[in-house]
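First the structure, in the form of structure tokens, and then the observations on it.
What follows is calculated from the coordinates using simple rules that are stated; it is not laboratory data. Fair warning: this is a prediction, and the values are worked out from it, not measured in the lab. FYI the Cβ positions are ideal-geometry reconstructions off the backbone, even for glycines, and counts take in every protein chain you see.
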Amino acid sequence: MDRNDFFNALWARYCTVAAQPKAINAQFKAHGESVINDHVALRSLAGTTFDLNGIGTLLEKIGYRQLDSYVFPDKYLDARSYYCVDNPNAPKIFVSTLRRGVLSDLAETILNELANALNNAPYQLSTLTQGVCWTPLSYSVFQELAAESEYAAWLSAWGLQANHFTVSVNHLKHFNSLTEVNEWIKSVGFQLNQSGGEIKGSKEVLLAQSATLADRVDYLFGCGQTRVIPSCFYEFAERFSNADGQLFQGFVTANADHIFSSTHLKKTT
């Protein structure tokens, strides 16, 4: 699987569980825009073949290198960002992982099951695009995880796949700022994540971001119950130049901390 195949597979999977991306892109196209992807985000589980180190090694095979690392202590998460060495216009990749041994014994027992499945999954790039590799959990187990970690619950339901893609505001022709994009997105019927404010970040930190709330979709749990849960969302990012005139390529921990809540069961509006 080469770089293009990887992103195409991520996008295809992403669009099967969320209607927003294609709908928003169609609105942009009707507005005379051609959307460029700023970055894509993946979620994973520490202490498995597909932890930060494992995923990083797979990304290196398609020309990516680590840019920076981030810590989210309140969410028990660690993350790394990656950039493409030979193509500065290629999407950046943000990978986060849930720490082990920090939740309750019950939650850790559940996560052990997911970890075993991940460790037995084919160690290849395509696995990052295929969702769950375990038997779907029951709704009650999903609720147990969500009570301790929204991230863990989301991962248990959706597995390895793109959590979100991101519109590069810098590449839009008819919008001059993220503020303008946000107003337009709301005008065409989409809700934005309000955690930490509608816009997370600013020119001062070289990155401003906003995000929709994740699509709410019917999900069939392993117990046979169907419940509405959050799937994936769409993000919008505006990057600014540093003192040397170079466009900022990294991420801001405080911004990302609020972006995570786009998939929370309780809507952040």
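Below is a table of values for the structure above.
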item	result
Cα centre as origin, Lys/Arg/Asp/Glu Cβ charges: region 3-263 dipole, Debye	520 debye
Distance from region 17-53 to region 191-269 (C-alpha centre basis), Å	11 Å
The chain: angle of helix 3-17 to the longest principal axis, Cα-based, in degrees nearest 10	70 degrees
If the convex hull is drawn through the Cα atoms of region 165-269, its volume per residue in Å³	113 Å³
Over region 52-187, equivalent-ellipsoid semi-axes from the Cα gyration tensor in Å	30, 21, 14
In degrees, nearest ten, helix 178-187 long axis to first principal axis of the chain (Cα)	70 degrees
Greater than 32 Å apart at Cα, pairs in K173/K266; K22/K92; K75/K186; K29/K75	K173/K266; K29/K75
Antiparallel %, DSSP beta bridges [both residues in the chain], to 5	75 percent
Where Rh is the Kirkwood radius over Cα pairs, Rg/Rh for region 1-85	1.02
Straight-distance crosslink candidates among aspartates and glutamates, where the alpha carbon sits under 17 Å from K61 and sequence neighbours closer than 8 are dropped	D2, D5, D51, D86
Degrees, to the nearest 10: 20-30 long Cα axis against longest axis of the chain	20 degrees
Helical mean residue ellipticity (222 nm; -39500 (n - 2.57) per DSSP H run of 4+; nearest 500) of the chain	-10000 deg cm²/dmol
